[in-house]
Amino acid sequence: MRDYVKWHDAYNDPASDMSWRLRQVQAYIRSALDQIQGQLTVLSLCAGDGRDVLQVLVQRDDSARIHATLIELHPVLAQRAREFAAQSGLANVTVRAIDAGNTTAYAGSVPAHLVIMMGIFGNISDDDICRTIQTAPQLCQRGAVMLWSRSTDGVDHNRSVRGWLAEAGFSELDYREFDHAEGERAALGAARYEGPLQPLIPGQQIFTFLQ
């Protein structure tokens, strides 16, 4: 498996595609939180050290109304997220060191108003991407915003991703790409769930990381 702790070092380069993606995702998160009134829930799958969510929450005066659950299997990254949340006084943040590929991980945290799937679709098979998208309604409130990412490498597989999202009841809000000097493009999208509430079915293995 990839060294995901070292992989996070790319965020230190402000010109990297990861830094671009982080800035875009945080802008989406701010916008989504601004548009939802009252108590709300955020769910982040394969959250890493949680900086996309946590760096936004720590800057908000209304963070107490936001309940965030970060799912991250890697113990070092999960602990970093816990420590940042604790040191920043974010009492409504829960970090679970558990496999986000199994729906049992989400019990008690869904349906959410904002669902974040960053850094997943580029690391799992197309069949798993399709299965994850088909399961995503179980994680969402009606009207929830879902953020996702998948780099492109000359073949636009993301057309399939966007089509699967539409079939699952999501309407596209935005889609962006970042041209990297080496030819690879970082890409991310935002979609709104328009379908009915669906109950969570625990124990489903919806994806497994390939690297």
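Key figures
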quantity: Residue count for region 167-201, restricted to those that are modelled with pLDDT of 95 or more, open to solvent by 80 Å² or more (accessible area, probe 1.4 Å) and assigned to a loop (DSSP other than H, G, I, E, B); calculated: 5
quantity: Candidate set from region 112-123 (those that are open to solvent by 10 Å² or more (accessible area, probe 1.4 Å) and under 19 Å from Tyr28 (Cβ atoms)); member that is modelled with the lowest pLDDT; calculated: Gly122
quantity: Residue match in region 81-96 (condition: touching a residue at least 60 places away in the same chain (Cβ under 8 Å), part of a helix (DSSP H, G or I) and in contact with a helix residue (DSSP H, G or I) (Cβ under 7 Å, 6 or more places away or on another chain)); calculated: no
quantity: Scan of region 202-211 for residues that are of a type outside the set (Gly, Ala, Ser) and open to solvent by 40 Å² or more (accessible area, probe 1.4 Å), ordered by number; calculated: Pro202, Gln204, Gln205, Thr208, Phe209, Leu210, Gln211
quantity: Any hit, region 124-131, residues being crowded, with 19+ Cβ neighbours inside 10 Å and at pLDDT below 95; calculated: yes
quantity: Residue satisfying condition, being open to solvent by 20 Å² or more (accessible area, probe 1.4 Å), closer than 23 Å to Thr132 by Cα, in a helix (DSSP H, G or I) and among the polar types (S, T, N, Q), within set Gln55, Gln24; calculated: Gln24
quantity: Cβ-Cβ under 8 Å pairs, at least 6 apart or on other chains, region 137-151 side closer than 19 Å to Asp52 by Cα and among the charged types (D, E, K, R), far side open to solvent by less than 20 Å² (accessible area, probe 1.4 Å) and not in a loop (DSSP other than H, G, I, E, B); calculated: Arg150/Phe121; Arg150/Ile129; Arg150/Asn158; Arg150/Val161; Arg150/Ala187; Arg150/Leu188
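The values are calculated or read from the model by the stated rules, or taken from the named source; none is laboratory data. Quantities reported herein were computed from a predicted structural model and do not represent experimental measurements. Methodologically, a virtual Cβ is constructed for each residue, glycine included, from the backbone with ideal geometry; neighbour enumeration extends over all protein chains shown. Please note that ligands, DNA and RNA were not included when accessible areas were found on the heavy atoms of the full protein model with its side chains. Shrake-Rupley method; radii C 1.70, N 1.55, O 1.52, S 1.80 Å.
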